[in-house]
1. What fraction of the DSSP beta bridges in the chain is antiparallel, stated in percent and rounded to the nearest 5?
2. Name the residue farthest towards the positive end of the dipole of the stretch 434-525 from the options Ala465, Pro442, Pro517, assuming +1 on Cβ of Lys and Arg, -1 on Cβ of Asp and Glu, about the Cα centre.
3. Given axes a ≥ b ≥ c from the Cα gyration tensor, I'd like to know whether the stretch 311-382 is rounded (a/c under 1.5), prolate (a/b larger than b/c) or oblate.
4. Anything over 28 Å Cα to Cα? Flag those among Lys183/Lys456; Lys259/Lys456; Lys23/Lys106; Lys20/Lys325; Lys183/Lys353; Lys360/Lys416, in the order listed.
5. With the cut-off at 1.5 for a/c, could you classify the stretch 49-204 from its C-alpha gyration tensor as rounded, prolate or oblate?
6. So if each residue of separation counts as 0.36 nm, and I subtract the Cα-Cα distance between Ala74 and Lys460, what length gain in nm does that give?
7. If the label point is 7 Å along Cα→Cβ of Glu481, which residues in the stretch 375-394 have backbone nitrogen under 18 Å from it?
8. Under the definition of Cα pairs under 8 Å and six or more residues apart, what whole-number percent is the relative contact order of the stretch 85-213?
Amino acid sequence: MVVDGQVMGACEEERFNRVKHGKQAMVDNPQVLPEHAIRFCLDCAGLSASYIDQVGYSFTPKLRRATFRADWWANPQMEELFLRSLGEVAGAVEKLLGRPLRGKFKFVDHHIAHAASAYYPSGFDEAAILIVDGIGEAACSTLARGDNGRIRTLETISYPHSLGMVWELLSHHLGFSTYDASKVMGLAAYGNPEVFSREMAAVIRVEEEGYTVDEEAIGFQSVKVSRRNELFGEPRRRGAEILPRHADIAAALQDVTDKAVMALARRVERITGLDRLCVAGGVALNCVTNTLIKEAGLFSEIYIPPAPHDAGTAIGAALALHYPKSANARPNGNASAFLGPQFTEREILAAVKDAGLTPKRTKTAARDAADMIADGNVVAWFQGRMEFGPRALGNRSLLGDPRRPDTREIFNQRVKHRETFRPFAPSVLAEHADEWFDVGRPTISHDYMLFACAVKPDKKDRIPAVLHQDGTARVQIVRREANPRYHELVSHFYARTGVPLVLNTSFNDNEPIVCTPAHAIATFRNTLIDALFMGDVYLTSEK
Ligand SMILES: [Fe+2]
């Protein structure tokens, strides 16, 4: 929801319907809309459907028709079904809103939507824009530029040259779901990138200013014969033991991705000559690659939004429709991740009562929570507006003590039930981040947990619970202006322990992150969380 160029609200359907990613993307369901999220967006702006000027949808059938070849599918009829379903989207929106939209409904090119989601919130007047993605209509990577509120595409790299799709496929090959690129990223730190470097080069070939993907080697269509198993061995069965070779494949994939994205960054820098960069697309969730681009010295500033993946194209589509229409429009730079639902104390108390629990109250929630964390407890911290994007950033978070070597194990046993190789991230006070981590060039995107930073050698032994195998951490910087209440909590922890950071992981147990007080209470009851703070109300585990 964009009002006068301001992003008022954004939320993924999964947080309401409790189905990961809202729905499985299929050729026959693009017209199945995120109904709850749309209703939330209207509510948060206090608007009824009659006030809507434009509705954007971040995918264009016309561009698809012009650029995508139906024979790229194993079954070309899939494309017909997909286009037919896209033709039903406008009608589905009208039905949901209960009114005709006439010319108000607009398709927006997928990569323009990605680009807009990064460029307009960045606040940069002029910027090079790099999109590295799975696939849009046909484009997999796009180079663009933004000038005074206008976005222009410079080059596109089309299917089958998709880094995002290789990640999805190898994620599946390694025994995870196609959505589990973050697990592959975590696993990569345990492997040796050299072991499979030749095999990986047969799939992704990196050049000085670009890359190509060999479709026959990787095999995007499962029905076609590919060399995948020949190159990387038999797929790992889900739940089977993770062997060193699995980590080596992940490491080789991370390494080639770093090189391919760096090649694109060099190219977009050379052809634009600009020294600011905006990055989006699913691959922009890769903290290791992001750090390389940021520190390479090609650009003086970089901005990556909190939701660079497809969810963020909803914001991008709305901004792309708004900006070129308004005279003298300039990127506003009011980036925030806190765009989701929030709840009043009355709503929180009602949810506690519905659950048959007795609420406790405090005027010093930040201090109480910090003390509990320092005493080794698992604390759920539910405050204010929910984050937009895949990371919890201190409003729907589970917090723990970074100093204890066993915190990770405790979190995994009692709440998260995650694979043990996956790291947990630190939230560190902005004032002290430099003393503990190599944060490099500053950027607002540090607020969104998008960079892997090396720990300072003299601090390494003090925060074992938030360091990955390779001595890095996916740092979130906490600024007082961006989140005063969370900043206060970490400040109390610092005052008590001398360590200006806490372990922060998303508030969920293998389900979408909690959204409402009722979700929070349900997860609190079904797991071994010690305390749940919701505003000034809290519950402890004497359940
Ligand atoms: Fe995308």
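The values are calculated or read from the model by the stated rules, or taken from the named source; none is laboratory data. Quantities reported herein were computed from a predicted structural model and do not represent experimental measurements. Using ideal geometry, Cβ is built from the backbone for each residue, glycine included, and neighbour counts are taken over all protein chains shown. Side chains are part of the model used for accessible areas, which takes the heavy atoms of the whole protein and leaves out ligands, DNA and RNA. Shrake-Rupley method; radii C 1.70, N 1.55, O 1.52, S 1.80 Å.
1. The antiparallel fraction comes to roughly 75 percent.
2. Farthest towards the positive pole: Pro517.
3. Here the stretch 311-382 falls in the prolate category.
4. Details: Lys183/Lys456 25 Å; Lys259/Lys456 25 Å; Lys23/Lys106 22 Å; Lys20/Lys325 35 Å; Lys183/Lys353 38 Å; Lys360/Lys416 25 Å.
In this structure, Lys20/Lys325; Lys183/Lys353 lie more than 28 Å apart at Cα.
5. On the way: a/c = 2.05, a/b = 1.49, b/c = 1.37.
Cα axes put the stretch 49-204 in the prolate bin.
6. Length difference between fully extended and current span is 133.9 nm.
7. Residues passing the 18 Å test: none.
8. Details: 142 pairs, mean separation 18.2, N = 129.
Computed over the stretch 85-213, the figure is 14 percent.
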